[in-house]
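Here is the structure we will look at.
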Amino acid sequence: MKRFISLGYFFVITTTAVVLYSCNVTRPFINDLKVPGDLYRDAAPSDSANMATVPWDVFFKDTLLQKLIKEGLQNNLDLKTAATNIKAAEANYAQTIQAFYPSLAVTAQGGAYHNADLQGNNNQLYQLYAASSWQIDIWGKLKSTKRAVYATLLQSEAYKQALQTQLVSDIAGAYYTLMAYDAQLSIAQTSVEKYAKDTATMKMLKNSDVVTGAAVVQSAANYYAVLSTIPDIKNNIRQTENTLSLLLARPPGSIERDSLFHQQVYPAIHTGVPAQLLSNRPDVREAELQLRNTFELTNVARTYFYPAITITGEAGIYSNSLSTFFKPGAVFANLIGGLTQPVFNNGLNKQRLKAAEANHEAAMYNFQQTLLNAGQEVSNALYQYRMANEKATSRREQILNLEKAVFFTSELLKYTSSTNYTDVLTSEQNLLLARQSAVNDKLQQLQAVVNLYAALGGGRQ
């Protein structure tokens with residue numbers, strides 16, 4: 001069996017590849033989609049400072065909250081799943097790099113075979129050889145595939161960062177909500193105690209003919225009305241604790257926490273310029289990487305219209321006996337170049353390209369929509385924060401005046417006839433509602449800052 005090295009053919013194939021390489025059909029990726037300068041409503045267009053760059057353990061001052069966030073980042077199962085997906089993406093990317101190198105397989109064979117001659121003799125054949133093949137990346141197919149997979153790898157990393165941003169936001173939001181329920185429970189319990197005293201006072205005043213029986217029963221009704229809200233608040237506390245425990249990947253249980261009105265808002269509220277979303281906000285980065293991925297897959301689809309050039313080779317030794325196995329005459333080698341031109345699958349290639357171009361167009365629209373969503377979230381959170389701050393001063397004044405109203409009407413009812421029990425009950429109800437509103441105002445302020453921090457892409461350490 002004669003073996004040979006086709007060096008001339010190999011030279012022709014290699015020369016052709018070099019010439020054709022200059023006619024690469026793939027295109028470089030250029031993102032022509034710009035971030036609008038007015039993406040944020042009512043934001044300072046020249047403010048380059050950005051609170052998203054502040055690490056979460058600096059942004060949140062509450063040490064108990066810091067502890068919870070750290071626990072969540074270490075244990076959250078969704079975050080761990082995202083980390084394993086990154087490992088899978090890294091392995092896929094490593095495979096695309098290996099595609100640039102020749103494949104190699106080593107085979108060893110030996111044994112007897114029957115030769116169909118008149119004597120019917122059995123002959124021996126021993127072989128040890130290596131086979132290799134190499135696809136020349138003339139049209140950029142392998143490079144575009146590598147870039148597409150690399151974009152997918154970066155997407156998985158951006159997705160993990162997006163999960164982390166959302167996790168930090170969710171933990172902080174649940175923590176603040178939990179403290180707001182605590183504050184509401186404290187107000188309700190204090191009001192119950194106050195209404196119980198009022199009911200007792202009304203009974204005394206009725207015995208003194210200062211008020212009628214209607215005042216007693218109305219006061220008792222207010223007492224039970226507030227008392228009936230306590231189970232709902234306790235239920236909300238329990239459910240919020242369970243939600244926070246789930247985020248921390250721990251069984252449902254109590255959560256150590258501070259008080260709502262001890263919480264401080266991060267003092268430097270800066271949104272930066274909209275263009276910073278491309279580097280700061282992970283879901284925007286993810287959408288842009290998806291755009292890159294589909295673009296490179298479109299490049300890959302174009303290369304199917306052109307021939308593929310593959311070089312294959314074999315080298316090894318063979319002999320009819322082990323005694324001559326390692327002699328020079330037993331060595332063989334073979335190097336062959338092959339060219340494959342698609343003929344009957346042109347229709348399939350056209351449809352493959354159309355599908356790739358459609359996916360790229362969809363990714364372009366998704367990128368634009370992601371930018372608009374990000375701008376909306378930043379604008380909403382910024383305005384929510386401003387409105388919450390506007391309410392804070394007026395709410396404090398309202399509570400201060402209502403506390404005076406409750407005191408004065410109560411005293412007037414005891415010692416004069418210039419007021420009646422309805423004035424007292426009304427002022428107490430108004431004070432209760434104002435205090436509950438103050439809790440909601442504080443929660444709204446804290447949530448707005450958290451939402452703004454997340455909308456800008458914060459949550460890194």
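The values are calculated or read from the model by the stated rules, or taken from the named source; none is laboratory data. All values derive from a computational prediction rather than experimental measurement. Counting neighbours? That spans all protein chains shown, and the Cβs are built from the backbone with ideal geometry, glycine included.
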Single unsatisfied condition, V149 versus (1) at pLDDT below 60; (2) closer than 30 Å to A454 by Cβ: (1)
Long-range neighbours under 8 Å by Cβ, at least six apart or interchain, first residue closer than 25 Å to D198 by Cβ within segment 391-408, second of a type in the set (S, T, Y) and at pLDDT 85 or above: R395/S437
Hits in segment 252-299 - residues which are among the charged types (D, E, K, R) and over 26 Å from N50 (Cα atoms): E256, R257, D258, R292, E296
So H270, is it at pLDDT below 90 and either under 25 Å from R460 (Cα atoms) or outside the structural domain of G72 (by TED's automatic domain parsing) (or both): yes
Selection count where residues are touching a Ser or Thr at 6+ places or on another chain (Cβ under 7 Å), closer than 13 Å to V192 by Cβ and not hydroxyl-bearing (S, T, Y), scope segment 202-253: 2
Residue among A91, A174, A131 that is assigned to a helix (DSSP H, G or I), modelled with pLDDT under 85 and among the aliphatic types (A, V, I, L, M): A91
Residues being over 19 Å from A448 (Cβ atoms) and exposed (fewer than 13 other Cβ atoms within 10 Å of the Cβ) - total across segment 37-57: 6
L205 being in contact (Cβ under 8 Å) with a residue 24 or more places away in the chain and either aromatic (F, W, Y) or farther than 25 Å from P231 by Cβ (or both): yes
Residue that is surrounded by the most Cβ atoms within 10 Å (Cβ to Cβ) [pool: residues in segment 412-432 that are at pLDDT below 65 and in contact with a helix residue (DSSP H, G or I) (Cβ under 6 Å, 6 or more places away or on another chain)]: T419
Residue in segment 177-197 that is assigned to a helix (DSSP H, G or I), of a type in the set (K, R) and without any contact (Cβ under 8 Å) to a residue 24 or more places away in the chain present: yes
Residue within segment 63-75 that is more than 30 Å from V378 (Cβ to Cβ) and at pLDDT 85 or above present: no
Answer residue from segment 29-62, given it is touching a helix residue (DSSP H, G or I) at 6+ places or on another chain (Cβ under 6 Å) and among the charged types (D, E, K, R) and is modelled with the highest pLDDT among those: D57
Segment 204-220, subset loosely packed, with under 14 Cβ neighbours inside 10 Å and not polar (S, T, N, Q), residue modelled with the lowest pLDDT: D209
Filter pass, N280 being in contact (Cβ under 8 Å) with a residue 60 or more places away in the chain and farther than 19 Å from G375 by Cα: no
Residues that are surrounded by fewer than 20 Cβ atoms within 10 Å (Cβ to Cβ) and not polar (S, T, N, Q), drawn from segment 188-203: V192, E193, K194, A196, K197, A200, K203
